[in-house]
Every structure is written in structure tokens, then in C-alpha cells.
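What follows is calculated from the coordinates using simple rules that are stated; it is not laboratory data. Since this is a predicted model, take the numbers as computed values, not measurements. All Cβ positions, glycine included, derive from the backbone under ideal geometry; neighbour counts span all protein chains shown.
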Amino acid sequence: MIGILKLGYKLLVNDKAKFLALLVGTAFAVFLMVQMTSIFAGVLQKSSSTVINIGAKIWVMDPGVQTPVYSIPLPDYVLDGVRSIEGVKYAVPLYSGGALVKLQSGVYQSVTVIGLDDASLFGRPEVFEGQIEDIYGENAFVVVHDQEFQKLENPKIGTTFELNDHRGVIVGIAKVTISGLFGIPTLYTTYNRAIQYIPSTRYTISYILVEPKSKNDTAHIKEEVERMGYEALTADEFMKKITRFYIFQTGIGTNILIMTVISFLVGLSISAQTFYTFILENLEKFGALKAIGIKGRELIYVILFQTTFASLTGYGLGVGLSSLLITIAMLRVPNYTAKINYLNLGLGFIMVLIIAGISSYIGIRKVIKIEPFDIFRG
Amino acid sequence: MANLAVRASELVKWFGEGEARTYAVRKVSFEANFGEMLYIVGPSGSGKTTLLSVISGILRPNSGTVRVEDKEIWSLTDDEIADFRLNTVGFVFQDFHLFPRLTTAENVAIPLILKRRNWNESIKEAMEYLEIVGLKERAHLPPVKLSTGEQQRVAIARAIVSHPDLLILDEPTASLDGDTGRRILDFVKKNILNENRCIIIVTHDSRIFEYSDRMMKMEDGKITEVLKGDLNEK
């Protein structure tokens, strides 16, 4: 059987123009599909950056919250209520909000301010310049060194700025796992300083971060928080909620889906049409093979092999091209958001299999019908 | 009886149904023996190619039987008939139907590859047959680089590479000039025909009639005349 498949391989590959067209069609479709879905995956990942960077196991919030950026303040007594739930090891407040800072040059710049629990500094970033303890100092802030860092005019330790008529001073430079989606620099400070500098409704908290005593306590904690009228989500659940929001309520998901489907249809039409032409041009030859003695199922294997080989090669090229472009873009373009993961690779692979399946079906249908007698008759 | 290669009895083949039904073969019976070149001649549309297709296991007759080497071929399953064509019959098509994307050697090796023989062994054996037809030095070329006469010889090499007992040639000189056609037939008679092989040729080219051992004339789907030898010669 290997010899018969090799025959199919040579018939396909030696027809260089058709083979190239098949590869280009499939690779282009895969490239677009992977590119689209990677950008979306990157957006989703960055949209969950606060959840990932803080690293809390359970987040307590108002049920109306859709993304960490737009928090709905909770009354501060909820913190006491959560702390009293059986199975809670500890619970701390977290401030997350936006503010405007006035830089030394006089320029105003939007920032995200994260206020960490004063006692534990739970969710603190990894400080690589300065000390995290310095955050307790007067007017102290730690700045995150990500792609947005230069928007704060590349501050150093000791750099000062104004925030709501308060003086702020950089005491540390930190790094986080993932930077945010909206291209805004991030400042960390203590919870009490955050609510003092950026006043909101009195006695309210953005989020409560909970550490359960054990994993088994999570369900009970969630039930109790729900009974209080609020929502407790594990980090994974919170990220899924954010994902659902971006997919279904922002239009990004729909647009990406439309682009992905269009990419699929472009790839399908190029590949299926090229393969159909290839079959038509070789129809007499397939008929001759039938006359010589190839069996129907062997002919089907040959066509399946040809489409699978062309599709998988095209898939590899498409994924390689997409990876190359994303890598170059990440090196060259600040804030470029894209992430290739198993999901979008799998999605591309499934779509390529569908393209191969439809192309095979069209080819097999034609070839099975050819009668060797037609070859004799000429 | 041991000399009998093909026995066709009362073969009938029609196309279309109702008023559109056309008879291509009408109750044809004949025998062909090993070691002979049997010609079926006649004008276009006389049913020669249809008859050839029926006796070689390509086209199922509406009635009648075909026994090849004493085996009734139309009682076989589709897979068995494919095996029969692969193992027992060698075809030289009118238009050759060589594969332009393969080399000449790969074209000749096709029947061996279909028999699941190792690729390299098949190519090696194909080279031996290309040597027989005098084209070994052109083995690496695609068929489109060969002359029509050379392509014909490649088609013959492909037809005989699997040692078929029955060799079928459909209008073998249709696209050849007179000299080349005669040279090919001379070559076939001297080098390809042997006592264990029967060659049936369909042609209307009178320039090559001289190479036949027996010759039957078909008209309107019937054998109307035996031009050389007897209808059922032993």
C-alpha cells in the first residue's frame, strides 16, 4: 500500500503548479485563522491580566461586575462577613481603579491603580528595583515596567508625580506576568493610600480576595457569599466570565468569528477548487489505473492521502507563517496582543481537516464514477 | 484445450434503454489461443472496442459468458475482476495514457506497484522491460519528452511488465506513421508474443494486417467475416 500512496504522492507533488496552489490556499487560510484567533486569545488573556497578576484563588464581587477594570464597589462590611465564613483562611480587600496622574513634565496620563491590603500586601508584584516594603513609605507607589512604562516618562526610584493633588513618589519598579489590555501604565500602592488618594463612595471595597483553607471549602464559600447577595468566583471562573463578556457583549468575538469563517471559506474555495481541477485533469489517468487493476478503495486511499498531505503541509506552513509574524510583531510593535495556544491551533487543524474532507469528497465522487471503459472508448 | 486462452460465448452488450437502446455487440462467440496474435478489425462503431472491453473484464456484458484460462470472469466480484485485470491482462490503450508527472520507469512500474511490490524493486524490474523495448537510457525522462513511437513502446513495456497472459492492444498504430507502426508490431510479434501469451489487437489499420495469425472482421456488433484462419482455431 505504501507504493500506491507514493504513486499518489508523486502524481500530486510533481504537478508543481497545482500543488503550490493547494499549499498556498491552505496555508493562507490557516494563517488567517490562526492570526485572528491568536489576536483574540491575546486580547482575552490581557483582559484577565489583573486576575492573573494578583493570583488570588477566590474573588468576591458585585454580581454585576463583568471585567476587573470596571469594578462595582462593595460595602466594607462584606469583608467582615466573608472573613466569618467557615473555610476562609483569610480575606483581604483590593482596590482597583483608574486615575489621572500629572507627570513632572506637566503632562496628564491615565493610570490603573491597584491598592494592596496594607497588612499582607497580598497580590504584590515582583519588585526588581527597590524593596516592596518601601510601599509603606510616605506617598509611595511601585510602578510596573511593561510596554506602558515609557508613558510615565520612564520613571526612576524617587521620581515624583501628582495624583488628585497628592504627591506620589516611585519607590520600586516591578514586573508582572501579563500587562493590561488598554495600554495604561499600572501603579501599585497600599489599599488605604489608594482609597485616600482616589476617593470613591465611602466604606466601599473594589474586590475581596479570599484564600480558602482547602480546595473543598470553595463551594461552601461561594454559597455563603451568594447568600449575602454577592458573587464569589474562582480565578478560572472570573476569567471565563471576562471571556464571555468580550465574546458576547463587545462585538469583538462576533467580528473575529466572522473573519475566521471568511478565512475558512477562502481556504476551502481555493483548495477544493484546485483539487477538483487536479482531479479533472487526471481523470483519464485515474480511469487508466482502474483499467489496469487498481481497486476502488485503493483509489479512495490515494485521494485521501493526497488531500491530507496537501492540507497538513499547508497547515504547517500557515502555522509557521503566523508564528513568525506574531514573533516579529511582538519584537517590533509595543502592546501587540496575540497568543497562539492549543485552542486556536486545534481550531485551525479542525478547519483544515474539514477542507481536506470536502476536497476529498469532491475528488472521490468524480473518480469513483469514471469507468475504465471510457478510457478505452477514448 | 490447454492452448485456449479466451472463450467468448453468445456475448451481447447494449447501451441505453427503450427506444434509445443500441446494440454494440450482438451474440458474438469466438476463441483465442495462447501463442497467437488475433486481430479484430472493422470500421469505427462496429463494436470492436466494446468487445475488447467485455473480454478483458472492463465492461460487463448484458448476456453471454467470457472464460479466460477456463475461468468465467463475469461471475467474479468487483475486487476479483480488478485482480484479474491486474494479474492476467495487459493493456495498451489507444492514447497510451502514460502519466506525464511520472518518469518513464515509474510509468512502466505502475502494474507492479499496484500489485503491492516494493517501489525500488518495481522500478528495477521496469528498467529490465525498458531495456527490452530499447528505452532504458530514457527511463528517467517524463513520457512527454519521448516521441510518439517511444511512448507506444513505453505503453507496451507497462502492459507486459506484470507478465500478463492476455495482452490487449487497442488501435496500437492509430497515432503512428506507417513505418513506426510496422516496426512496433514486428517488435511485438518477435519479442512479446510467446507460447504462454495471447495477444488480441483491435485495429482498422490495414498496413499491419500482415502480422496477424488470425483476423476477424466486425460490423454492426457481429463477426461478419474471418479474414485469416478460422473463427475457433485450435
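When you look at the Cβ of every residue in B:107-119, what mean number of other chain Cβ atoms sits within 10 Å?
On the way: counts 0, 0, 2, 8, 4, 1, 7, 9, 3, 5, 1, 2, 6.
That average works out to 4.
Return the subset of A:Lys6/A:Lys285; B:Lys71/B:Lys189; A:Lys18/B:Lys145 for which the Cα-Cα distance in this structure is over 19 Å, preserving the input order.
Values: A:Lys6/A:Lys285 16 Å; B:Lys71/B:Lys189 26 Å; A:Lys18/B:Lys145 21 Å.
B:Lys71/B:Lys189; A:Lys18/B:Lys145, as the Cα separations exceed 19 Å there.
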Item to check | Exposed GluC sites (Glu not before Pro) absent: longest stretch of chain B, with sites in DSSP loops and at most 14 other Cβ within 10 Å deemed exposed | outcome: B:18-194
Item to check | Helical mean residue ellipticity (222 nm; -39500 (n - 2.57) per DSSP H run of 4+; nearest 500) of chain B | outcome: -8500 deg cm²/dmol
Checklist entry - Say the dipole of chain A comes from +1 at the beta carbon of Lys and Arg and -1 at that of Asp and Glu; which of A:Thr26, A:Val176, A:Thr218 then lies farthest toward its positive end? => result A:Thr26
Next on the checklist: Suppose every Lys and Arg Cβ carries +1 and every Asp and Glu Cβ carries -1, with no other charges. What dipole size does chain B come out with about its Cα centre, to the nearest 20 debye?
Outcome noted: 220
Checklist entry - Within region B:115-144, whose backbone N sits under 15 Å from a point 7 Å along Cα→Cβ of A:Lys6? => result B:115-127
Checklist entry - B:Lys124: which aspartates and glutamates have alpha carbons under 20 Å from its alpha carbon, excluding same-chain residues fewer than 8 sequence positions away? => result B:Glu106, B:Glu137, B:Glu150
Next on the checklist: Just to be sure I understand: with springs between alpha-carbon atoms less than 10 Å apart, which residue in B:Ala155, B:Ala105, B:Ala24 has the highest mean-square fluctuation in the Gaussian network model of chain B?
Outcome noted: B:Ala24
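Given the C-alpha atoms of chain A, compute the convex hull and give its volume per residue in Å³. Working shown, then result.
On the way: hull volume 66.9 nm³, N = 378.
Convex hull of Cα atoms, per residue: 177 Å³.
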Next on the checklist: Can you tell me the length gained on complete extension of the stretch A:Ser84 to A:Lys366, counting 0.36 nm per residue apart and subtracting the Cα distance?
Outcome noted: 94.3 nm
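Taking N as the number of residues in region A:63-229, what value does Rg over Cα atoms divided by 2.2 N^0.38 Å take?
Values: Rg = 16.7 Å, N = 167, 2.2 N^0.38 = 15.4 Å.
In units of the 2.2 N^0.38 Å rule of thumb, it is 1.08.
How do A:Lys156, A:Lys18, B:Lys27 rank when sorted from fewest to most other Cβ atoms within 10 Å of their own Cβ?
So the ranking, lowest neighbour count to highest, is A:Lys156, B:Lys27, A:Lys18.
Only four residue types carry charge here, +1 at the Cβ of Lys and Arg and -1 at the Cβ of Asp and Glu. Report the dipole size of the protein assembly as shown about the Cα centre in Debye, rounded to the nearest 20. Each step should come with its number before you reach the end.
Numbers: 64 positive and 65 negative charges, 171 e Å.
For the protein assembly as shown, the charge dipole is close to 820 debye.
Just want to confirm a number: the relative contact order over chain A, from Cα pairs under 8 angstrom separated by 6+ residues, in percent. List each step's numbers first, then the result.
Numbers: 631 pairs, mean separation 112.6, N = 378.
In percent, rounded to a whole number, it is 30.
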Next on the checklist: How long are the semi-axes of the equivalent ellipsoid of region B:1-158, taking √(5λ) for every eigenvalue λ of the Cα gyration tensor, in whole Å from largest down?
Outcome noted: 32, 18, 15
Checklist entry - In debye to the nearest 20, how big a dipole does region B:116-195 give about its Cα centre with +1 on each Lys and Arg Cβ and -1 on each Asp and Glu Cβ? => result 220
Checklist entry - By a straight-distance test (C-alpha under 20 Å), which lysines pair with B:Lys217 as possible cross-link partners, with residues fewer than eight away in the same chain excluded? => result B:Lys13, B:Lys27, B:Lys48, B:Lys228, B:Lys234
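Sort B:Ile123, A:Ile72 so that the residue with the fewest other Cβ atoms within 10 Å of its own Cβ comes first and the one with the most comes last.
On the way: B:Ile123 18, A:Ile72 14.
With the sparsest Cβ surroundings first, the list reads A:Ile72, B:Ile123.
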Checklist outcome for this item: region A:258-321 and region A:137-211 have their Cα centres apart by a whole-number Å value of 57
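Where does each of A:His166, B:His97, B:His140, B:His204 land when they are ranked from fewest to most other beta-carbon atoms within 10 angstrom? It would help to have the intermediate numbers written out before the result.
Numbers: A:His166 13, B:His97 22, B:His140 10, B:His204 18.
Starting with the residue having the fewest Cβ neighbours, the order is B:His140, A:His166, B:His204, B:His97.
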Checklist outcome for this item: Rounded to the angstrom and largest first, Cα extents along the principal axes for region A:1-128 equal 76, 51, 34
Checklist outcome for this item: FRET efficiency (B:Lys115, A:Thr327; Cβ distance; R0 45 Å; to 0.05) is 0.35
